[in-house]
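Q: I have a structure here, written as structure tokens, and I will follow up with some questions on it.
The values are calculated or read from the model by the stated rules, or taken from the named source; none is laboratory data. What you are looking at is a predicted structure, and each value in this text was computed from that prediction instead of being measured. Here the Cβ positions follow ideal geometry from the backbone for every residue, glycine too, while neighbour counts run over all protein chains shown. We work out accessible area using only protein heavy atoms, side chains counted, and drop any ligands, DNA or RNA first. Shrake-Rupley method; radii C 1.70, N 1.55, O 1.52, S 1.80 Å.
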Amino acid sequence: MIISLFGLTVFSGNKGCEALAYSFLDLLSDIATRKQTKFKIYIHIWFSKYCELPHLKKQWEGLDINIFRLGLKNRKDRELLYKNLNETDFAFDFTEGDSFSDIYGLKRFVIQSIIKSIVIKKKIKFILGPQTYGPFYSKIIKLWAKWIMNNSYRIYSRDEISIPKLKNVTKQTVIPVTDIAMALKPDGKVIQKNNNVLYVGINISGLLYNGGYTEDNQFNLTVDYKEYIDAILQYFCSRDEFQVFLIPHVITEDDYENVENDLKICNLVKQKYSNVQIIDDNFAPFYLKKIISQMDLFLGARMHATIAAFSTKVPVIPFAYSKKFEELYHSLNYDYVVDGRKLNTEEAINKTVDYIKRMDELKKTVSRSCDDALNKIDVFCKELSVILCGDDNENI
């Protein structure tokens, strides 16, 4: 069985994108191990620079993983892509979780969709993995998205709320699951905790802090994100019962000045709040999830950083800059989200402080909601087993 993967990466400064890939490989490995079979995996990854491919940080039992550069401008890359597709039985595309939309600009959608179209035209069983769909602001983009979805073998969504909105986009059944990063297995060091204080993890989004890629409030936030972050840090750092850990989740080590770099903003913030600690010794997604799992409370604007908390039952306060937060967490009956597109700055700060004071309530809710999410992952894994192994004895 040969499986081609797109829209996933095992090498990225965005640890959320890596978390998706690592989680899906964890699931495929579990199936291969349980079924005593082996999957040959072709992972096709966009590389912005033509460099030597890095080595994987992890190995998976039952998977023969092969990494390929996805570069349509290079003839050899194109030839290798078509060769791999000729051997492929199933192709999965996750579009980095939230890029099947023109929210990040037309270029990203077009590049991702060209690949989807090539795979579909090769008559391969093409599966859209659990992800967010839309919004589609451009009519042309919406038509292209419709063609892709109508010609997919399976379509999975990571939320339920957006599915009714897709009825005017596709005739296909869209199957709700949840974000597969819920399944990522944490691994890393154990923090020696001081039981006299509460450990608070905060993920500051460099992208939001800098105003988006365009640096002019690209995501139309109604909250002044810098002012919000400053107020929240003041709240925690002025109280002895908290120890704050700044946990970056997008780290552009080869381009420190990149607008996405969370680590740069963490270092900037530490100049004002010297008593905070920065997690910067290991940026593997499973390591960061292990660190986050040891927090007593977590706040973040990177969605997969908040998922790392949620899926380890840490009370979490996500800061939403797009609809994907509301759709995912509402589908899991967890509504403690601060919406940066609807609230003003003062309202966002007050709502966050209110949630902080209700930590016990958040903890009970996240425990119940997390169990629901993991049950959905289990159902998805069983369905994958049926699709890939043809075993209709799986209890779905």
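Q: Scan the range 123-140 for residues that are under 15 Å from D98 (Cα atoms), buried (at least 19 other Cβ atoms within 10 Å of the Cβ) and over 18 Å from the mean Cα position of the chain (by Cα) and jot them down.
A: F136
Q: A follow-up question, please. Exactly one condition in (1) of a type in the set (A, V, I, L, M, F, W, C); (2) assigned to a loop (DSSP other than H, G, I, E, B); (3) within 22 Å of Y287 (Cβ to Cβ) is not met by F47; state its number.
A: That leaves (3) as the condition not met.
Q: With the checklist (1) among the aliphatic types (A, V, I, L, M); (2) crowded, with 21+ Cβ neighbours inside 10 Å; (3) under 21 Å from the mean Cα position of the chain (by Cα) in hand, flag the one item L56 doesn't pass.
A: The number of the failed condition is (2).
Q: In the range 235-251, what residues are in contact (Cβ under 8 Å) with a residue 12 or more places away in the chain and either over 24 Å from the mean Cα position of the chain (by Cα) or open to solvent by 20 Å² or more (accessible area, probe 1.4 Å) (or both)?
A: First, the residues of the range 235-251 that are in contact (Cβ under 8 Å) with a residue 12 or more places away in the chain: 235-237, 240-251.
Of everything in the range 235-251, those that are in contact (Cβ under 8 Å) with a residue 12 or more places away in the chain and either over 24 Å from the mean Cα position of the chain (by Cα) or open to solvent by 20 Å² or more (accessible area, probe 1.4 Å) (or both) turn out to be Y235, F236, C237, D240, E241, F242, Q243.
Q: Return the pairs, sorted by first residue and then second, in which the second residue is open to solvent by 20 Å² or more (accessible area, probe 1.4 Å) and among the hydroxyl-bearing types (S, T, Y), the first residue lies in the range 323-339 and is under 17 Å from G97 (Cα atoms) and assigned to a helix (DSSP H, G or I), the beta carbons are less than 8 Å apart, and the residues are 6+ apart or on different chains.
A: Short answer, once both residue conditions are applied: Y329/Y336.
Q: Which residue pairs have Cβ atoms closer than 9 Å, lie 6 or more positions apart in sequence or on different chains, and pair a first residue in the range 113-132 that is aromatic (F, W, Y) with a second residue that is in a loop (DSSP other than H, G, I, E, B)?
A: F126/N151; F126/S152; F126/Y153
Q: Among the listed residues R69, R108, R78, identify the single one that is at pLDDT below 95 and over 25 Å from the mean Cα position of the chain (by Cα).
A: Numbers: R69 fails: over 25 Å from the mean Cα position of the chain (by Cα); R108 fails: over 25 Å from the mean Cα position of the chain (by Cα).
Answer to the selection: R78.
Q: Let me ask something additional. Being farther than 16 Å from I204 by Cα, touching a helix residue (DSSP H, G or I) at 6+ places or on another chain (Cβ under 8 Å) and either open to solvent by 10 Å² or more (accessible area, probe 1.4 Å) or touching a residue at least 60 places away in the same chain (Cβ under 8 Å) (or both) is the requirement here; does Y355 meet it?
A: Here the answer is yes, as Y355 does meet what is asked.
Q: In the range 209-228, is there at least one residue being buried (at least 22 other Cβ atoms within 10 Å of the Cβ), under 18 Å from A309 (Cβ atoms) and among the hydrophobic types (A, V, I, L, M, F, W, C)?
A: No, the conditions are met nowhere in the range 209-228.
Q: Return a yes/no flag: does the range 302-309 have any residue that is in a helix (DSSP H, G or I), of a type in the set (A, V, I, L, M, F, W, C), under 21 Å from G201 (Cα atoms) and modelled with pLDDT under 95.
A: yes
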